[in-house]
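The values are calculated or read from the model by the stated rules, or taken from the named source; none is laboratory data. Small disclaimer: the values here were computed from a predicted structure and weren't measured. Quick reminder, even Gly has a Cβ in these numbers, built from the backbone with ideal geometry, and neighbours come from all protein chains shown.
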Amino acid sequence: MIPAQPAAEKPLPLSQATPQWKREQAEAVTSPAELLRLVGLDQHPRWKEQAERAQPPFSLKVPRSYIHRMQFGCADDPLLLQALPQAVEHAEVAGFSADPVGDLNAQKTTGLLHKYHGRVLLVATGACAIHCRYCFRREYPYEQASATQSQWQESLDYIAADSSIHEVILSGGDPLTLSDKRLHKLIDRIETISHVQRLRIHSRLPIVLPSRVTETLCQRLAQSRLRCIMVVHANHAQELDHTTAKALQDLRRAGVDCLNQAVLLAGINDSVEALAQLSERLFEQGALPYYLHSLDRVHGAAHFEVDEARAKHLVAQLRERLSGYLVPTLVREIEGESSKTPL
Ligand SMILES: *Cc1c(COP(=O)(O)O)cnc(C)c1O
Ligand code: SF4
């Protein structure tokens with residue numbers, strides 16, 4: 001996500017008709033001081049200074065329902081650490097850059113990435129409901145690279161012209177921050193392309209703002225002629241509570257296959273215990289672990305990196321503990337490769 005929003009969706013005047021998730025989105029916390037106060041850490045020696053700091057360029061944004069899942073008074077809470085800006089983000093670290101995965105080079109039309117055979121990724125919007133501090137898109141120039149509605153046409157034309165494309169991936173930003181109206185319009189248009197068989201949505205909203213999984217959304221996906229896959233994004237078992245369980249259950253009832261991708265993050269989930277709990281809880285709630293991404297080396301995220309040897313060791317230990325289907329594939333994205341690279 002980026003600080004300056006593309007002129008995508010005008011903020012709605014909040015009225016009775018405003019869906020609950022939109023209200024929650026509008027009420028998200030954007031100030032470090034407020035976040036720290038809500039979790040009882042504004043006077044904590046580790047974070048006191050942070051509470052007084054100005055907003056960083058990649059601003060803080062976190063929904064209140066997600067804050068409720070943080071442990072009150074816990075200075076190294078795994079959810080807090082994903083959302084709270086830290087002074088170390090400003091450190092220049094060799095090897096960490098603005099576009100670590102070469103997305104700008106892989107653009108076919110504005111907002112369309114065609115890196116891998118058979119599938120394309122459409123950056124449907126630049127907006128997210130939460131700003132994850134480790135995000136590889138934190139420096140992505142969305143104003144230039146995310147499609148506005150009229151630009152979708154160019155991407156859809158590209159997809160229509162290439163019959164090897166069987167799957168369209170909606171990504172971002174977060175595609176579920178689009179209103180139902182805009183999202184449904186986009187899905188309608190994808191459905192008219194006969195060689196497209198699958199619609200995949202990459203979204204963190206079923207986890208960070210589960211109220212986004214509305215009846216309307218589920219019905220729309222259930223009605224689609226496309227096979228629908230939702231790849232959610234949870235990094236820690238503590239993110240999964242009864243609200244995410246309901247969202248995943250509703251998606252599954254609508255015939256949507258649910259998978260999870262996580263990022264391996266130092267101090268958050270880099271232990272066998274944390275990874276095992278995440279897999280077990282995901283499965284309990286209806287999602288299978290898919291990928292465990294090794295961190296993309298984006299500016300400002302170096303403090304989250306787990307070195308590759310340790311990452312491999314963790315996954316090997318995980319494999320000794322869990323059923324095979326509960327072990328995610330550890331991957332890295334390497335610019336120019338024809339798929340994600342398993343480690
Ligand atoms: C990750 C990614 C995909 C999806 O890859 P899968 O291995 O199929 O999950 C597709 N396109 C782009 C540009 C990607 O970055
Ligand atoms: S929701 Fe996804 S795209 Fe948005 S900031 Fe978090 S990791 Fe990045």
Going by the conditions given, is V123 within 15 Å of ligand 2 (Cβ to nearest atom), outside the structural domain of L176 (by TED's automatic domain parsing) and surrounded by 21 or more Cβ atoms within 10 Å (Cβ to Cβ)? no
Does the stretch 320-331 contain any residue that is of a type in the set (A, V, I, L, M, F, W, C) and within 16 Å of ligand 2 (Cβ to nearest atom)? yes
Residues of the stretch 294-343 satisfying the condition of being within 16 Å of ligand 1 (Cβ to nearest atom), over 20 Å from L259 (Cα atoms) and either touching a Cys at 6+ places or on another chain (Cβ under 8 Å) or of a type in the set (G, A, S) (or both): V298, G336, S338
Which condition number in (1) at pLDDT 95 or above; (2) away from ligand 2 (no atom under 16 Å from the Cβ) is the one that T18 fails? (1)
Name the residue that is farthest from L121 (Cα to Cα), counting only residues in the stretch 224-244 that are of a type in the set (S, T, Y) and in a helix (DSSP H, G or I). T243
Check the stretch 207-217 and report whether any residue there is in contact with a Ser or Thr (Cβ under 6 Å, 6 or more places away or on another chain) and either closer than 22 Å to A26 by Cβ or more than 16 Å from ligand 1 (Cβ to nearest atom) (or both). yes
Report the residue count in the stretch 202-219 for those that are away from ligand 2 (no atom under 16 Å from the Cβ) and either modelled with pLDDT under 95 or under 21 Å from L122 (Cα atoms) (or both). 2
So the helices (runs of 4 or more DSSP H) completely within the stretch 22-117 holding 3 or more residues that are touching a residue at least 40 places away in the same chain (Cβ under 8 Å) and surrounded by fewer than 20 Cβ atoms within 10 Å (Cβ to Cβ) are none
Against the conditions (1) away from ligand 1 (no atom under 16 Å from the Cβ); (2) aliphatic (A, V, I, L, M); (3) in the same structural domain as S171 (by TED's automatic domain parsing), where does L79 fall short? Just the number, please. (3)
